[in-house]
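Visitor: Before I ask anything, here is the structure I am working with.
The values are calculated or read from the model by the stated rules, or taken from the named source; none is laboratory data. None of these values were measured; they are calculated from a predicted model. Here Cβ is always computed from backbone atoms with ideal geometry, including for glycine, and neighbour counts include all displayed protein chains. Calculation scope for accessible area: heavy atoms of the full protein, side chains included, ligands and nucleic acids excluded. Shrake-Rupley method; radii C 1.70, N 1.55, O 1.52, S 1.80 Å.
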Amino acid sequence: MITAVLIDDDKHLREGLKALLQRYTNEINIIGEAESVKSGVETLERLQPQVIFLDIHLSDGTGFDILEQLKGKTKAHIVFITAHEQYALKAFKFSALDFILKPVDPEELQNTISKIKEVVGKSNSFEHIDLLLENIRKKVDNFKRIALSTSDGIHLFEVSDIIRCEAKGNYTEFFIKNHKPVLISRTLKEFEEMLTEQGFERIHQSHLINLSYLKSYIKSDGGYVIMADNSNIPLAQSKRERLQEMIKNL
């Protein structure tokens, strides 16, 4: 049984989330609840759950305030509960953190439950939480680092070191400077949405490249590019004109 604590200042949401959890899984046990930063910290230090369902906005502060106070005191898996706050959602994604949107969608909750089952029990550092807090404090909108969650844990990389990403079904393989390839259980589309503003371009259904590592554009053989790691990446016909314009502006 996976132990969890639910922190939200809305009693109705807490009751609703508990009911949904009971409906979709018998493996997560809510062992405590809290509605504020103060009671949340006290509850978490006392119960030490494996999972924390954490609202961002609380009556006396934010969920981030709780995390600041918990440094070194927990290795729980964090699942944020939030409204549609685009900046926060982007920060969560770059920090490899799970979130549930209000109002809670049953299908999204089931996906989150599946992720929880995958990660609980594995080694979990606070590094990706530190990354989130750093970005939130500085109100960064151009994220320099990204946390990638693999089968053996969460690893942080400089975005500028990512050469390219390749779709592998519902997985994405990252090719990173001076590092072995990293396989992530998220789709290429998700990373395209995150990295396009960071100088990445999806030039093919299966390939997202960092334009900083583009070495050559070859027009023959249907068109392809050569990257700094000497990989040959096919270029979709629909992307040729756009890539040529982007190259002119590099």
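Visitor: Pick out, from the range 1-87, the helices (runs of 4 or more DSSP H) lying fully within it that include 2 or more residues that are within 24 Å of D105 (Cβ to Cβ) and without any contact (Cβ under 8 Å) to a residue 12 or more places away in the chain.
Guide: Because the criterion is at least 2 residues that are within 24 Å of D105 (Cβ to Cβ) and without any contact (Cβ under 8 Å) to a residue 12 or more places away in the chain, the helices (runs of 4 or more DSSP H) in the range 1-87 that meet it are 11-24.
Visitor: Among the residues of the range 88-98 satisfying the criterion of being in a helix (DSSP H, G or I) and among the aliphatic types (A, V, I, L, M), which is nearest to V37 (Cα to Cα)?
Guide: Restricting to residues being in a helix (DSSP H, G or I) and among the aliphatic types (A, V, I, L, M), the top hit is A88.
Visitor: Name the single residue that is surrounded by the most Cβ atoms within 10 Å (Cβ to Cβ) among those in the range 66-87 being over 20 Å from the mean Cα position of the chain (by Cα) and under 20 Å from R137 (Cα atoms).
Guide: L70
Visitor: Would you confirm whether any residue within the range 181-190 is among the hydroxyl-bearing types (S, T, Y), open to solvent by 40 Å² or more (accessible area, probe 1.4 Å), modelled with pLDDT under 95 and touching a Phe, Trp or Tyr at 6+ places or on another chain (Cβ under 9 Å)?
Guide: Yes.
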